[in-house]
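A short worksheet on the structure shown next.
The values are calculated or read from the model by the stated rules, or taken from the named source; none is laboratory data. Quick caveat, the model's predicted, so the values are computed rather than measured. Glycine also receives a Cβ, built like all others from the backbone with ideal geometry; neighbour counts cover every protein chain displayed. The accessibility values were calculated without ligands, DNA or RNA, using every heavy atom of the protein model including side chains. Shrake-Rupley method; radii C 1.70, N 1.55, O 1.52, S 1.80 Å.
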Amino acid sequence: MRGLFRPVAYFDKLELIKPSDLQSRGYRWLLLDVDNTITTWNNRECSPAVVDWFAVLPAWGIKACLLSNNSAERLQDLAGRLQIAFYPKARKPLPGGYLRAVKQLGGQPEGVLMLGDQLMTDILGAGLAGLDSVLIKPISLAQEFRWTYVNRRIEKLFIKGVLARTPHNHF
């Protein structure tokens, strides 16, 4: 673990992460935030590039799970289309949801990577759970949940320092 707010990398978008790099680094299980990580806020559809990215994960021996504070109803269709698991109402950044999702996947914390767009929820929660994480640049800041605006303002206080010490678009 690199620290509570220290992702192992920062990527401009999810599709830039190569499954071959994930496999070579020992990651066999992925936990993924939904809003502004794999799709825009409150959107039930993903871009074709994101759908294609998820489709190749099994060939690399990687299992994925959506980890979200959203309801099961919001996640079920999306997870079904991507053919992956989901864990709703995770209460991020509390570590319990992360650890239960890892157990649901049949994973071990050492081989799990969390991917998300927020330091204050996704990255912090992964750190509290003892998991590695990758920060993804938000897809769009045009519309977000109201508490996300608060988190983003807090993030601004220290994100430059975090990003200065974090590999960009590679591990």
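Summary table below
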read-out: Pairs where the first residue, in the range 8-29, is closer than 13 Å to Leu131 by Cα and the second is acidic (Asp, Glu) and open to solvent by 10 Å² or more (accessible area, probe 1.4 Å), C-beta under 6 Å, 6+ apart; value: Val8/Asp132
read-out: Search result, residues across the range 79-113 that are at pLDDT 95 or above, in contact with a strand residue (DSSP E or B) (Cβ under 7 Å, 6 or more places away or on another chain), of a type in the set (A, V, I, L, M, F, W, C) and assigned to a helix (DSSP H, G or I); value: Ala79, Ala101, Val102
read-out: Out of Trp41, Trp60, Trp53, sole residue that is in contact with an Asp or Glu (Cβ under 6 Å, 6 or more places away or on another chain), among the hydrophobic types (A, V, I, L, M, F, W, C) and open to solvent by 40 Å² or more (accessible area, probe 1.4 Å); value: Trp41
read-out: Filter pass, Arg91 being open to solvent by 40 Å² or more (accessible area, probe 1.4 Å), in contact with a helix residue (DSSP H, G or I) (Cβ under 9 Å, 6 or more places away or on another chain) and free of Cβ contacts under 8 Å to residues at least 60 places away in the same chain; value: yes
read-out: One residue from Asn70, Asn151 being free of Cβ contacts under 8 Å to residues at least 40 places away in the same chain, open to solvent by 30 Å² or more (accessible area, probe 1.4 Å) and in a helix (DSSP H, G or I); value: Asn151
read-out: Test: residue in the range 38-48 that is hydroxyl-bearing (Ser, Thr, Tyr), within 18 Å of Leu113 (Cβ to Cβ) and at pLDDT 95 or above; value: no
